[in-house]
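Below is one structure, written out as structure tokens, with a few remarks after it.
The values are calculated or read from the model by the stated rules, or taken from the named source; none is laboratory data. Keep in mind it's a predicted model, so treat the numbers as computed, not measured. Glycine also receives a Cβ, built like all others from the backbone with ideal geometry; neighbour counts cover every protein chain displayed.
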Amino acid sequence: MGMRVETVAPIETIQKSPSNWSILGRELLKDKMAIGSLIFLFLFLIGIYGSIALINQDEVTKIDLMAIQAAPSADHWLGTDDAGRDIFGQLVIGARNSFTIGFMITILSAAIGLTIGLIAGFFGGLVDNVIMRFIDFILVLPFLMLVIVFVTIIPKYGVWEFIAIMTAFLWVGKARLIRAKVLAERELDYVQASKTLGTPNWKIITFGILPNLSSIVIVNLTLNLAGNIGIETGLSYLGFGLPDGTPSLGTLVSSATNPVILEQYWWMWLPASLLILVLILAINFIGQALKRATDAKQRLG
Amino acid sequence: MWKFTLRRILIMIPQLFVLSVLIFFVAKAMPGDALSGAIEANPKVSAQVLEEQREKLGLNDPAWVQYGRWLGNLFQGDLGKSYVHKVGVTDLIGSRLANTFYLGVAILILTYVISIPLGILSGRYQNTLLDKTITGYTYLSFATPIFIFSLLMLFVFGFRLGWFPTSGSVDVGVQPGTWAYVVNKFYHLILPACAGALVSTTATIQYLRNEVIDTRLKDFVKTARSKGVPESKVYSRHILRNSLLPIAAFLGYDLTAVLAGNLFIESIFGYPGLGQLFLQSITQRDFSVVTALVMLSGLLALIGTLLSDLILSWVDPRIRMG
């Protein structure tokens with residue numbers, strides 16, 4: 001007869017379930033393209049913002065008639081354009097402008113879209129109806145055409161006017177997306193519970209619902225950034241983007257509207273085009289990786 | 001069903017109304033008016049004569065009167081006179097409309113021809129190299145801005161390789177109405193249509209892929225397989241049919257893009273359509289044409305949305321919005 005030894009079940013260590021951020025981070029790191037894109041983006045941003053000290057805009061835009069349309073050389077890394085200005089310098093400045101302005105447009109339209117989406121989704125009813133009718137109407141308008149029209153007719157046209165015009169059209173997409181999510185969140189228990197407890201509405205929205213939307217917001221922000229840079233460069237290419245005096249990557253590409261330049265002087269427009277392409281692709285890869293992170297079915301890791 | 005249609009059309013009317021008011025006032029804000037073209041032709045006209053003309057044309061009437069007149073003209077098909085070209089706007093648009101229409105239809109057809117097979121293949125052979133390649137392609141095509149892609153295609157295929165013409169919709173000197181004309185027009189369409197289609201395939205491919213993956217697991221597919229239906233038939237008859245219908249709804253949205261003029265493509269390929277007309281008119285400050293084009297665009301967008309909703313609700317009765 002032996003002693004019965006009672007085995008005590010070991011105390012389970014409680015594991016912290018991964019937070020949103022760590023899931024996003026983990027997914028990002030698993031995706032090789034995303035890592036490559038992050039590195040590229042990092043170097044890119046250092047390049048264009050670090051160079052503020054190094055490259056003087058006036059120097060670069062000085063017209064040098066002796067060096068018109070020169071091919072790439074040691075002096076001018078990417079050659080010169082038809083007024084003798086250094087292409088590489090313009091590339092850096094243009095990239096800085098395009099990115100900064102694209103970034104501002106994205107942040108502003110996100111702020112407005114988020115706010116209105118939250119209001120419409122949370123309060124529902126008449127408020128939601130009115131806002132949605134308004135949004136539906138704006139969505140019908142021909143975006144590109146109207147932006148071009150406004151750019152042409154606004155009297156004192158500058159960078160801020162451009163940002164304002166773009167933001168005015170772009171916030172609606174975001175608002176619609178957020179509103180749909182908020183409508184779903186609203187029905188969940190924690191919101192109902194908070195309401196019963198008497199928590200003021202703004203607190204429920206800011207501290208309850210908003211954090212749960214954070215992953216969608218981040219993904220949307222990233223993908224929008226890529227899209228907005230694309231729109232801005234496209235508009236500048238057509239000549240209806242940034243005002244004169246604020247070079248953008250698109251203005252560099254616009255020299256390609258001349259078939260002679262397109263064919264023979266490739267260094268004037270090709271580098272800018274490739275940079276636009278790579279930049280937008282990089283931001284997109286990061287955004288797609290983040291998007292996969294939010295949808296558990298598609299995760300790689 | 002008809003109640004739904006009627007309700008949607010009824011909602012569309014105030015939207016059209018607000019659209020026209022908005023565009024009218026934007027047009028008023030634009031510098032220049034109906035006499036600008038005439039002034040250019042004859043700059044020596046005295047200010048007094050100009051004033052009299054303005055009075056006669058009713059340009060000094062209160063805004064809402066002018067709006068009413070403009071709207072009335074619209075319904076009769078009179079879109080005003082172009083400032084620059086001295087002909088009616090309607091004539092200008094008419095000649096370009098056909099071109100834009102052909103381009104739009106070509107892009108639409110190509111998009112579906114490319115994306116439907118790719119989407120199904122991608123879903124059927126999920127996680128194979130084929131799937132990964134196609135998915136990679138969708139990421140690339142989603143991200144690439146259309147004007148860069150068009151530019152690069154023009155450069156590579158038009159200029160460097162010389163395979164395709166680089167501008168215009170038809171060569172000069174080809175007689176309209178002949179078979180050679182049709183072929184020539186088609187030839188000019190290929191490059192811009194490819195450029196447009198290749199970047200528009202993303203949504204459809206991804207959607208089809210997901211649909212195929214989901215449908216594959218459904219019971220009726222297992223039943224078909226166990227009955228001995230050959231695999232390819234399982235796909236083409238059972239799975240495809242289920243997946244295809246909602247795509248028809250996207251068709252409505254795409255229709256609006258058909259006539260939106262595809263500004264970038266037309267500009268880069270020098271294709272004489274509505275988009276190019278719009279850009280030229282803006283540059284020349286020819287605002288009567290601009291106004292007409294914007295109005296047209298908005299109208300088509302509304303119709304496209306309506307069509308899309310109709311098809312969606314016809315296809316899936318659950319979606320019928322009461």
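Scan region B:278-298 for residues that are touching a Gly at 6+ places or on another chain (Cβ under 8 Å), away from chain A (no Cβ under 11 Å) and not polar (S, T, N, Q) and the total you get is 1.
Screening region A:227-301 for helices (runs of 4 or more DSSP H) wholly inside it with 3 or more residues that are within 27 Å of A:A110 (Cβ to Cβ) returns the ranges A:249-253, A:266-294.
Taking the criterion of being surrounded by 17 or more Cβ atoms within 10 Å (Cβ to Cβ) and of a type in the set (D, E), the residues of region A:85-139 that qualify are A:D86, A:D128.
Beta carbons closer than 8 Å, at least 6 apart along the sequence or on distinct chains, never pair a first residue in region A:190-202 that is in contact (Cβ under 8 Å) with a residue 60 or more places away in the chain with a second that is among the charged types (D, E, K, R). Residue-level analysis places B:A203 outside the set of residues that are at pLDDT below 75 and either under 25 Å from the mean Cα position of the chain (by Cα) or surrounded by 21 or more Cβ atoms within 10 Å (Cβ to Cβ) (or both). Of the residues making up region A:228-248, those that are of a type outside the set (A, V, I, L, M, F, W, C) and at the interface with chain B (Cβ under 9 Å from one of its Cβ atoms) are A:G230, A:T233, A:G234, A:Y237, A:G239. Exactly one residue out of A:I165, A:I204 is surrounded by 15 or more Cβ atoms within 10 Å (Cβ to Cβ) and more than 27 Å from the chain's Cα centre (by Cα), and it is A:I204. Taking the criterion of being at pLDDT 75 or above and buried (at least 20 other Cβ atoms within 10 Å of the Cβ), the residues of region A:24-39 that qualify are A:A34, A:S37. Candidates are the residues of region B:134-148 that are assigned to a helix (DSSP H, G or I) and of a type outside the set (A, V, I, L, M, F, W, C); the one that is farthest from the other protein chains (Cβ to nearest Cβ) is B:Y137. Checking A:I148, A:I119 one by one, the residue that is touching a helix residue (DSSP H, G or I) at 6+ places or on another chain (Cβ under 8 Å), more than 27 Å from B:Q284 (Cβ to Cβ) and modelled with pLDDT of 85 or more is A:I119 and no other. Among the numbered conditions (1) modelled with pLDDT of 75 or more; (2) in a helix (DSSP H, G or I), the only one that B:L74 does not meet is (1).
Of all the criteria given as (1) touching an Asp or Glu at 6+ places or on another chain (Cβ under 9 Å); (2) at pLDDT below 80; (3) farther than 30 Å from A:R292 by Cα; (4) not small (G, A, S), the one not satisfied by B:L245 is (3). Would you confirm, using the coordinates I've provided, whether A:T251 is β-branched (V, I, T), within 12 Å of chain B (Cβ to nearest Cβ) and in contact (Cβ under 8 Å) with a residue 60 or more places away in the chain? No: the conditions fail for A:T251.
What about A:L262, is it more than 20 Å from A:V147 (Cα to Cα) and at pLDDT 80 or above? So A:L262 does not fit the description; no.
Out of everything in region A:151-160 that is within 18 Å of B:I282 (Cα to Cα) and without any contact (Cβ under 8 Å) to a residue 12 or more places away in the chain, what residue ends up being surrounded by the most Cβ atoms within 10 Å (Cβ to Cβ)? Checked region A:151-160; the qualifying residue surrounded by the most Cβ atoms within 10 Å (Cβ to Cβ) is A:I153. From the list A:L225, A:L270, A:L210, which residue is touching a residue at least 60 places away in the same chain (Cβ under 8 Å) and within 14 Å of chain B (Cβ to nearest Cβ)? On inspection, the qualifying residue turns out to be A:L225. Restricting the first member to region B:1-29 and to residues that are of a type in the set (S, T, Y), and the second to residues that are assigned to a helix (DSSP H, G or I), the beta-carbon pairs closer than 7 Å and six or more apart or on different chains are B:T5/B:L310; B:S20/B:L71; B:S20/B:M295.
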